[in-house]
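Enquirer: Shown below is the structure under consideration.
Taken together, the values in this text are just the output of simple stated rules run on the coordinates, not laboratory data. Because the structure is predicted, anything quoted here is derived from the model rather than measured. All Cβ positions, glycine included, derive from the backbone under ideal geometry; neighbour counts span all protein chains shown.
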Amino acid sequence: MFHQAAYIKSVEFAKDAPDDLPQILILGRSNVGKSSFINGLTNRKNLARTSATPGKTLLLNFYQIDMRFNLVDAPGYGYTKRSKALSESFLKMIIRFINESPFLKGIIVLIDFKVGPTALDMTWIDHVKQSGLPVGIIATKVDQIPVTKRKKQATLIHQKLGIPIIAISNTKRININLAIQLFETILSEEV
């Protein structure tokens, strides 16, 4: 369990990062539950603001975790009510951050367990794999699938992605410990 977590600042460019701590970037579609995931991971209800309206994150939000690393929350991709120009600027900001941050240790992509990886998820996963950084996949909202169907759904997702996933529930705290282990593994790897 992570014990200390604090919002530090929001930035557009890697050069404006708050410090030189290792960073782990969180990506995912709008409405996949990134803010809820951050809150569940840190066991804080309101660290990352959740909203009924997706697409509220506009910059890269830095959260310092246990004074050891920064969790970087990126704007969600695929929000249809955003203008094309704004969506493209988010894409450029995220890609620029991945390419330019000297402290980025890994990337975690959140997908919706119930929906499975969308075409847009697959595009982003393929892109971040090319970065050469460790990539982890976490499937949120596992509690929305009946227990008897979870194994089959996990198998289908694994077959589509070709890499293991961790299926979690933020609300029921299912497999949050495995998500924390994934962070620890990424932080311990030499990049």
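Enquirer: Counting only DSSP beta bridges with both residues in the chain, what percent are antiparallel, rounded to the nearest 5? Intermediate results must be reported in sequence, preceding the final value.
Expert: Details: 12 of 32 bridges.
Around 40 percent antiparallel, to the nearest 5.
Enquirer: Taking the mean number of other Cβ atoms within 10 Å as a proxy for protection, how do you rank 32-38, 144-150 from highest to lowest?
Expert: Values: 32-38: 23.4, 144-150: 11.3.
The densest-packed peptide leads the list: 32-38, 144-150.
Enquirer: Taking the simple approach of a point 7 Å from Cα along Cα-to-Cβ for both Asp126 and Gln181, what is their distance in nm?
Expert: Inter-label distance under the simple model: 3.1 nm.
Enquirer: How large is ³J(HN,Hα), in whole Hz, for each residue of region 3-20 in order, when computed from phi with the Karplus curve 6.51 cos²θ - 1.76 cosθ + 1.60 and θ = phi - 60°, using x for Gly and Pro?
Expert: Result, ordered by residue: 9, 10, 8, 8, 5, 9, 5, 10, 9, 9, 10, 4, 4, 9, 4, x, 6, 9 Hz.
Enquirer: Given the Cα-Cα distance of Val147 and Lys92 and 0.36 nm per residue of separation, how much length would full extension add, in nm?
Expert: Fully extending the segment from Val147 to Lys92 adds 15.9 nm.
Enquirer: May I pose another question? If R0 is 25 Å, what FRET efficiency do you get for Lys45 and Gln4 from their C-beta distance, rounded to 0.05?
Expert: 0.95
Enquirer: Go ahead and run the numbers for FRET between Thr171 and Thr118, Cβ-Cβ distance against an R0 of 22 Å, rounding to 0.05. If you can, show how the numbers build up before the last one.
Expert: Numbers: r = 22 Å, r/R0 = 1.00.
It comes out at approximately 0.50.
Enquirer: Cα centroid distance between region 166-186 and region 87-118, in Å?
Expert: Distance between centres, Cα-based: 18 Å.
Enquirer: Here's something else I'd like to know. Between Asp20 and Asp66, what is the FRET efficiency for a Förster distance of 22 Å, r being their Cβ-Cβ separation, to the nearest 0.05?
Expert: Working: r = 16 Å, r/R0 = 0.72.
Calculated transfer efficiency: 0.90.
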